[in-house]
Amino acid sequence: MGYRFKLIGYPISHSLSPWIHKEFLDKSKIQGTYTMHEIKPTDSFEESMILLKNEQIDGFNITVPYKQDVIPHLDILDDTAKAMGAVNTVVNQDGKWVGYNTDGIGYLRSLESKYPELLRDKEIRVLLLGAGGAARAIYFALATANFKNIDIANRTKSSAEVIAGNSSQPRSTNILSLEEAEQILGKYDLIIQTTSVGMKPNEDQTIISPDRIKKNAIVSDIVYQPLETKFLREAAERGAKTHHGHTMLLYQALYAFEIWTNKKIIIDDLEIKLKALLEGR
Ligand code: ATR
């Protein structure tokens, strides 16, 4: 019968995860299915979890709005998921549900696949723009990988303070307003845009102006629709190197697939295929 995986969330009809995991299954020549399991806000989440446990599937991804709600239903929580307070991947280990969060590590691996040399230098100056769930996951992954200088700029400074305050490793983190960040942008080697600003249908928006960006800085945007945001385009025009959001999708899914199957997959042509899929949307 092969592996059985699912995606749980609401709404999920536009999710790219089924496409990505089908590609992984094909690529690794593993028999299996990855199907949608929508839980509507009017459905009982508790009952859905009981039914799912009875199905004894091998693993599932869990997305909005249930990344926290699933936690009481797990038997074991890995350290990253514990620190995030959110789970996006569950594996069935001999009947026990183990929860992971692949967002931050997936992001870091996608960045590393494009700029391996950059991530070896832990002294680089990093700026995160935004302080939501994605920023939290990326901050934690960077901090765990021992990056020493990670600043956070956000419209609401207090949310950025919470992210920095939750981290146990000692490091220097400055909390900035977006206006302050814009003024001193030239001091950063890596700038990561973690909010939805610039996403379709608001492609004409940028969270800050990239005018003062340092030439050769790396600018990353987690938005993948459009494939290249205005922020990335303007940064590239000023000599920055870019990193696109769709690769994060692939590597988060890859890490989940590895947790479920213990198989390593090489992304190679999948990135081009995913780009073509997104361009057609
Ligand atoms: P997610 O969990 O997907 O990261 P989120 O928790 O809603 O999403 O976080 C959204 C982030 O985008 C926040 O940092 C938010 O800033 P605030 O904390 O001030 O709300 C930021 N954000 C959203 N829209 C924004 C906008 N128009 N300008 C600036 N920041 C914005």
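Mean sequence separation of contacting Cα pairs (under 8 Å, at least six apart), scaled by the length of the chain, corresponds to a relative contact order of 15 percent. Once backbone amide H atoms are built at 1.01 Å from N, R4 has T33, D58, G59 as its partners under 5 Å, excluding neighbours fewer than 5 places away on the same chain.
If you take all other residues with their beta carbon under 15 Å from the beta carbon of E23, and give Lys and Arg +1 and Asp and Glu -1, the sum is +2. Averaging the Cα positions of each part gives two centres, and for the stretch 170-206 and the stretch 1-67 these lie 33 Å apart.
Extension gain R155-F45, at 0.36 nm per residue separation less the Cα-Cα distance, in nm? Write out the running numbers ahead of the final one.
Numbers: separation 110, 0.36 × 110 = 39.60 nm, distance 3.33 nm.
Full extension from R155 to F45 adds 36.3 nm.
Couplings 3J(HN,Hα) of the stretch 193-207, computed from phi: 8, 10, 9, 8, 5, x, 6, 3, x, 10, 4, 7, 9, 10, 5 Hz, in residue order, whole Hz [Karplus 6.51 cos²θ - 1.76 cosθ + 1.60, θ = phi - 60°; x for Gly and Pro].
In the structure shown, do any of K157/K275; K114/K214; K187/K273; K157/K273; K6/K29; K241/K273 have a Cα-Cα gap over 28 Å, and if so which? Checking Cα-Cα distances, K157/K275; K187/K273; K157/K273 exceed 28 Å. Among M1, M36, M84, M49, sorting on how many other beta-carbon atoms sit within 10 Å of each Cβ, with the fewest leading, yields M1, M36, M49, M84.
For the chain, the Kirkwood hydrodynamic radius from C-alpha pairs, put into Stokes-Einstein at 37 °C and a viscosity of 0.692 mPa s, yields a diffusion coefficient of 168 µm² per second. Under 5 Å from the amide H of R125 lie the amide H atoms of D189, L190, each residue being 5 or more positions distant or on a separate chain, with H modelled from the backbone and absent for Pro and chain starts. Taking the empirical scaling 2.2 N^0.38 Å for compact globular proteins as reference, the stretch 29-166 has a Cα radius of gyration ratio of 1.21.
The HN-Hα couplings worked out from phi for the stretch 243-258 by the Karplus form 6.51 cos²θ - 1.76 cosθ + 1.60 (θ = phi - 60°) are 9, 9, x, 5, 5, 4, 4, 5, 6, 5, 5, 4, 5, 4, 4, 5 Hz, whole numbers, x standing for Gly and Pro.
Roughly how many debye, to the nearest 20, is the charge dipole of the stretch 187-226 about its Cα centre, given +1 on each Lys and Arg Cβ, -1 on each Asp and Glu Cβ, and no other charges? Each step should come with its number before you reach the end.
Values: 5 positive and 5 negative charges, 41 e Å.
Result for the stretch 187-226 is approximately 200 debye, rounded to the nearest 20.
Using Cβ point charges alone (K and R +1, D and E -1), the dipole size of the stretch 67-141 about the Cα centre works out to roughly 200 debye. What are the semi-axes of the equivalent ellipsoid of the stretch 74-139, taken as the square roots of 5 times the eigenvalues of the Cα gyration tensor, listed largest first and rounded to whole Å? That gives 27, 14, 9 Å for the three semi-axes. Taking a point 7 Å out from the Cα of L277 in the direction of its Cβ, the residues of the stretch 67-105 whose backbone N falls within less than 20 Å of it are 88-90, 102-104.
Ordering R109, R233 by the number of other Cβ atoms within 10 Å of each residue's own Cβ, fewest first, gives R233, R109.
Using R0 = 30 Å, the C-beta based FRET efficiency linking S13 and Q56 works out to 0.70. Karplus couplings for the stretch 263-275 from phi (6.51 cos²θ - 1.76 cosθ + 1.60, θ = phi - 60°), rounded to Hz, Gly and Pro as x? After applying 6.51 cos²θ - 1.76 cosθ + 1.60, I find 9, 9, 10, 9, 5, 4, 6, 5, 5, 5, 5, 5, 4 Hz.
Would you mind working out the magnitude of the charge dipole of the chain relative to its Cα centre, with +1 at each Lys and Arg C-beta and -1 at each Asp and Glu C-beta, to the nearest 20 Debye?
For the chain, the charge dipole is close to 460 debye.
In the stretch 152-281, the alpha-carbon atoms span a convex hull of 148 Å³ per residue.
Here the chain is scanned for GluC sites (Glu not before Pro) in DSSP loops (not H, G, I, E, B) that have at most 15 other Cβ atoms within 10 Å, and the longest stretch holding none of them is 1-116.
The numbers here are math on the coordinates, done by the rules we state, and not lab data. Quick caveat, the model's predicted, so the values are computed rather than measured. Note that each Cβ is placed from the backbone with ideal geometry, even for glycine, and that neighbours are counted across all protein chains shown.
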